[in-house]
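Below is one structure; the comments refer to it alone.
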Amino acid sequence: MKMIITVLAFLVITTTQAQTNYEKGMTKAFEFWKNQKTDEAANLFERIAKAEKENWLPYYCAAQVHIVKTFNSKDGKEILSRLEQAQNYLNEAKTFSKNNAEITIMEAMLNSAYVIYDGQAYGMTHSPKVEALYQKAKAIEPENPRAILYHAEWQMGAAKFWGKDPKAFCPEIEKAILYFEKESSDIPFYPQWGKDQIARVQKNCQ
Amino acid sequence: MRSLLSTILVFTTAFFYAQTKISGNIKDASGIPIAGANVYLDGTYDGSSSNDTGAFIFYTEETEQQTLIISFLSFENFTLTADVATMKALEIKLREDVNSLGSVMLNAGSFAAGDNSEASVLKPLDIVTTAGAAGDYIGAFQTLPGTSTVAEDGRLFVRGGDADEANVYIDGLRVFQPYNATANNIPTRGRFSPFLFKGTTFSTGGYSAEYGDALSSVLLLNTIDQPDQEKTEFQVINVGLGMGNTQKWKNNSLSINAFYSNLKPYQEIISQRVDWIKPFESLSGEAVYRHQFKNGLLKVYGGLNYTNFQLIQEDINTPEGFNFELTNRNLYMNASYKGDLGNDWSINTGASIANDDSDIIISETDVDDMDNSVHLKVKVRKRFSNRFKLSFGVEQFLGDFTEDVDSPDFETFHTSYQNNSTATFAESSIFFNKKLAMKIGVRGTHNQLLESTKIAPRVSLAYKTSETSQVSFAYGDFYQTPQQEILKYTTLLDPKKSSHYLFNYLFQHKGRTLRAEAYYKKYDQLVKYNTSMPMFDSDYMSSGDGYATGLDLYWRDNTSIKNLEYWTSYSYLDTERDYQNFTESATPNFATAHNISFVSKYWIKDWKSMVGATYNFASGRPYDDPNTTTFMDKKTKAYQALNMNWAYLISPQKVLFFSVSNVLGTDNIFNYQYANTPNATGNFDRQTIRPAADRFFIVGFFWTISDDKTDNQLDNL
């Protein structure tokens with residue numbers, strides 16, 4: 001009996017320990033990111049991903065850190081190596097979670113990062129991928145606010161290029177706002193970002 | 001009981017929190033500290049990032065043997081398995097990842113066009129958006145240095161080599177008849193639709209041991225692995241109609257396209273110098289099927305092409321000319337598989353077959369040619385590390401050619417031969433570091449028809465001289481079996497041989513590229529014969545030789561002027577050869593000393609238009625004037641052509657396209673044909689060999705239907 005209790009207690013302690021390690025780690029990584037310590041954030045997400053083995057979220061976050069970083073960089077070498085690394089992380093994430101709308105959205109953002117970096121070189125090859133990925137994400141989760149918002153932004157860019165009215169996609173933003181409000185998840189650290197970008201995308205509607 | 005439990009709890013927790021400090025310092029090979037590297041114990045949460053001085057410290061509750069991993073972008077992972085207690089004040093040197101960006105490239109002799117913007121000199125679009133190329137994938141390569149403008153032929157002439165010295169491969173497998181069948185002095189086009197291909201490599205010399213049977217050059221085309229989306233495309237052009245469709249399923253995809261062209265309506269409007277009896281008509285269809293396996297990809301390509309035309313071929317010796325009629329049917333199939341065998345082994349294997357049937361009627365003579373060819377190949381590759389890779393393989397070529405000639409002047413004349421050969425190759429690439437790399441290979445070929453066995457070494461070396469520049473060197477020996485027109489009369493010959501020496505300088509910085517390559521090429525065992533053209537009763541010998549030397553320059557700038565892309569090529573070529581029926585060593589008619597191409601593309605946003613212009617210049621072509629005693633000492637006037645195109649996007653998926661070649665209507669002369677016998681005054685008369693028409697116009701409408709509603713065919717124009 002004693003033995004059983006000891007073993008049970010031991011198990012409880014180690015499992016709760018593991019839980020907190022994950023939560024502590026993720027919280028700390030997000031903190032690093034918030035404080036502009038991008039590389040430390042990406043490194044920590046990578047460490048968590050490696051330790052967790054079968055969790056797609058830390059890989060997803062590590063990819064996101066690298067992708068977002070490229071939007072503020074002008075250094076071609078840095079951009080390309082970060083995007084390459086991000087793709088590796090997303091590939092890992094995909095092995096643990098198939099048909100995941102969030103990973104698909106992140107992959108669409110990764111492909112749009114290539115187009116933003118050098119449209120001449122990557123526009124023709126990567127633009128159709130971006131479009132296809134957003135459509136796939138919406139097919140998996142029709143009410144995903146990030147898929148709706150960022151797809152609308154992408155389509156607005158295309159409409160502007162063709163001299164068409166980007167306002168045609170404004171109702172999509174309204175839809176995204178609605179779904180952002182409804183959004184909730186039981187999974188800790190589940191992606192919830194994007195709400196703060198509504199105002200920026202909405203500028204196209206004025 | 002309770003106290004015991006708490007004691008155990010305290011004990012175990014304390015045990016878990018017994019911490020060990022792990023510390024060290026990370027530098028690169030030259031001793032510069034690396035900041036931001038990820039340092040951790042494998043399988044644990046314990047780790048840290050290195051700081052600005054490369055130092056790291058972290059604590060762990062783990063004990064005994066653990067694996068420390070250090071990872072950083074563009075560097076190889078460092079691993080250390082040891083007792084954590086010993087992981088103190090570690091001095092770690094990270095090795096650069098030689099596969100990362102900014103590494104030296106083994107690129108002597110080759111031009112890559114693909115997505116990888118660093119190694120690529122051309123972008124995928126350039127293959128098809130070059131003015132004057134008119135959707136022919138060969139056309140864009142003719143604007144690269146190292147090629148000679150031979151506009152009446154249409155094929156690739158590389159560095160003093162004739163068009164037969166360049167071979168084309170699709171997915172690593174030989175294409176036996178890459179060009180449409182045509183008549184003398186009527187330019188041909190590539191047989192394949194450009195939009196089935198993605199990455200392309202054009203090598204103007206010193207290429208890999210994987211490829212053989214080409215003295216000068218190889219053009220490597222790769223079909224698309226996985227199409228992005230389903231789509232349907234229509235093409236309506238003033239010279240033809242086409243359509244294509246792509247379907248995707250879970251692990252399969254299929255692309256098909258068909259094109260019918262007929263030049264009759266066009267030639268009724270635009271006058272031609274050639275007397276066409278039946279203008280050029282062709283029907284072609286292609287299909288690519290792809291299947292994704294768990295660890296590999298299967299691609300099956302099939303193309304069928306039917307061409308016919310009839311014209312009067314002018315000839316100075318026959319005032320009424322020759323009535324020349326051609327009907328050609330070509331079937332080409334290619335199946336390739338690339339897969340991962342595990343443990344860093346991979347395999348590329350496949351087969352291609354071609355069946356080519358030509359029926360030619362020249363005046364009263366009927367020539368029926370049947371050519372069947374097969375290529376089988378298997379290549380395996382082992383990646384020992386990022387720094388050392390080895391590939392080797394074996395391939396078999398089978399060729400069966402028969403020709404029947406019927407003429408009222410003589411009995412049916414039948415010739416046939418089987419051209420079979422076996423080759424093996426091995427090649428390894430070695431990256432000593434991010435700056436220095438070497439590729440060394442060897443190829444052995446046994447040709448059963450010629451009963452010859454040849455060993456050809458290939459070496460290339462590259463050294464990165466700075467962040468933006470590198471130099472490279474390549475050497476190689478190349479053998480090629482003589483061409484069909486010779487083999488059908490004799491097989492008592494040696495393979496032709498060439499040796500290449502290349503020296504390359506490459507500068508790349510912020511969208512600007514300068515590439516300079518100097519070369520020397522030596523030819524041996526070229527075929528000689530003693531008649532005006534190869535005949536069944538000619539004497540043949542493998543005693544010809546020659547050389548080609550020159551300098552190729554390429555400059556491209558995508559950034560200096562917004563929305564403008566341009567590149568310019570200059571090639572200097574000095575070549576002489578003693579081959580065919582030459583009386584002495586001389587520069588052949590196709591070789592021009594100076595070649596210049598200037599290609600530009602300008603995107604006009606407000607007009608939604610891509611406007612392109614290409615200017616080609618080639619210095620005079622040598623020809624022989626029998627009225628003088630010196631052989632091949634005359635030169636035609638220089639060749640010039642300004643080509644323009646304009647693609648207008650009516651809507652995202654509808655494109656209107658116009659193109660005009662030789663806008664200025666420059667009167668170009670390629671060569672002269674002299675009479676076999678002198679006229680009454682003792683002079684040899686001549687006739688000029690010129691293009692069939694000075695200009696060529698294309699007007700087309702291209703419409704794409706796809707789910708994303710943005711894809712269009714701009715990239716195929």
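Readers should treat all values here as calculations from the given coordinates under stated rules, not as data from a laboratory. Keep in mind it's a predicted model, so treat the numbers as computed, not measured. For neighbour counting, all protein chains shown are included, and Cβ atoms are generated from backbone atoms with ideal geometry for every residue, glycine included.
Remarks
- The Cα center of segment B:234-298 and the Cα center of segment A:153-206 differ in position by 41 Å.
- Rounded to 10°, Cα long-axis angle of helix B:2-16 versus longest principal axis of chain B: 40 degrees
- Inter-label distance for B:VAL394 and A:GLN206, nm, one decimal - labels placed 7 Å from Cα along Cα-to-Cβ: 7.3 nm
- Cut-off under 5 Å, modelled amide H: who pairs with B:SER543 long-range: B:LYS528
- In this simple spin-label model, placing a label point 7 Å from the Cα along the Cα-to-Cβ direction at both B:TYR289 and B:LEU304 gives a separation of 1.4 nm.
- DSSP beta bridges confined to chain B are antiparallel in about 95 percent of cases.
- Three-way shape call for segment A:16-129 based on the alpha-carbon gyration tensor, with the a/c threshold at 1.5: oblate
- Structure-based [θ]222 nm, the protein assembly as shown - -39500 (n - 2.57) summed over DSSP H runs of at least 4, per residue, nearest 500: -6500 deg cm²/dmol
- Pairwise Cα separations in segment A:142-206 fall into 10 Å bins from 0 onward with the following percentages, short to long: 22, 50, 21, 6, 1.
- Cβ-Cβ FRET estimate between B:SER23 and A:ASN88, R0 fixed at 25 Å, reported to 0.05: 0.30
- Using the Cβ-Cβ distance between B:GLN640 and B:GLN418 with R0 set to 51 Å, the FRET efficiency from 1/(1 + (r/R0)^6) comes to roughly 0.65.
- Cα-based convex hull volume of chain B per residue, rounded to whole Å³: 195 Å³
- Percentage relative contact order, segment A:16-129, counting C-alpha pairs under 8 Å, at least six apart: 19 percent
- Sparse packing (at most 12 other Cβ atoms within 10 Å of the Cβ) combined with a DSSP loop state is found for the following chymotrypsin sites (Phe, Trp or Tyr not before Pro) in segment A:65-145: A:PHE71.
- Trypsin sites (Lys or Arg not before Pro) restricted to DSSP loop in segment B:46-100 with at most 12 other C-beta within 10 Å: B:LYS88
- Relative contact order computed over segment A:142-206 (Cα-Cα under 8 Å; 6+ residues apart), in percent: 41 percent
- Farthest toward positive dipole pole in chain B [+1 Lys/Arg, -1 Asp/Glu at C-beta], among B:SER103, B:GLN396, B:THR628: B:SER103
- Taking every alpha-carbon pair under 8 Å whose residues sit at least 6 apart, segment B:215-351 reaches a relative contact order of 16 percent.
- Charge tally for B:ASN295 (other residues, Cβ to Cβ under 11 Å; Lys, Arg +1; Asp, Glu -1): +1.
- Cut-off under 5 Å, modelled amide H: who pairs with B:ASN433 long-range: none
- Sequence-distant residues sharing a close amide H with B:ILE57 (under 5 Å, placed H): none
- Sorted by Cβ density within 10 Å, fewest first, the residues B:VAL374, B:VAL236: B:VAL236, B:VAL374
- Summed side-chain charge close to B:GLU320 - residues other than B:GLU320 whose Cβ falls under 12 Å, Lys, Arg +1, Asp, Glu -1: -3
- Burial ordering of B:HIS446, A:HIS126, A:HIS66, fewest other beta-carbon atoms within 10 Å first: B:HIS446, A:HIS126, A:HIS66
- Working note: Karplus 6.51/-1.76/1.60 with θ = phi - 60° gives segment B:692-699 the couplings 4, 8, 5, 10, 10, 10, 10, 10 Hz, where Gly and Pro are set to x.
- Nearest-0.05 FRET efficiency for B:GLN226 and B:THR465, computed from C-beta distance (R0 30 Å): 0.20
- Segment A:102-147: GluC sites (Glu not before Pro) falling in loop per DSSP and having at most 14 other Cβ within 10 Å: A:GLU143
- Surrounding net charge for B:ALA29, when Lys and Arg each add one and Asp and Glu each subtract one, Cβ distance under 15 Å: +2
- Ranking B:ALA181, B:THR44, B:TRP607 by Cα position along the charge dipole of the protein assembly as shown, where only Lys, Arg, Asp and Glu carry charges on their C-beta atoms, puts B:THR44 farthest toward the positive end.
- Global form of the protein assembly as shown, assessed from the alpha-carbon gyration tensor, a/c cut-off 1.5: prolate
- Backbone HN-Hα couplings from phi across segment A:71-83 [Karplus 6.51/-1.76/1.60, Hz, Gly and Pro as x]: 5, 10, 10, 10, 7, x, 5, 5, 4, 5, 6, 5, 5
- DSSP loop GluC sites (Glu not before Pro) with at most 11 other Cβ within 10 Å excluded, longest remaining stretch of chain B: B:65-363
- Backbone HN-Hα couplings from phi across segment B:474-491 [Karplus 6.51/-1.76/1.60, Hz, Gly and Pro as x]: 9, 9, x, 10, 9, 10, 8, 5, x, 6, 3, 5, 8, 4, 6, 10, 8, 10
- The charge dipole of chain B, taken about its Cα centre with unit charges on the Cβ of Lys, Arg, Asp and Glu (plus for the first two, minus for the last two), comes to roughly 3100 debye.
- Fewest-first ordering of A:VAL115, B:VAL459 by other beta carbons within 10 Å of each residue's beta carbon gives B:VAL459, A:VAL115.
- Rounded, prolate or oblate (a/c below 1.5 giving rounded, otherwise prolate when a/b exceeds b/c) for segment A:87-170 by Cα gyration tensor: oblate
- By the rule of a second cysteine Cβ within less than 4.7 angstrom, chain A holds isolated cysteines at A:CYS61.
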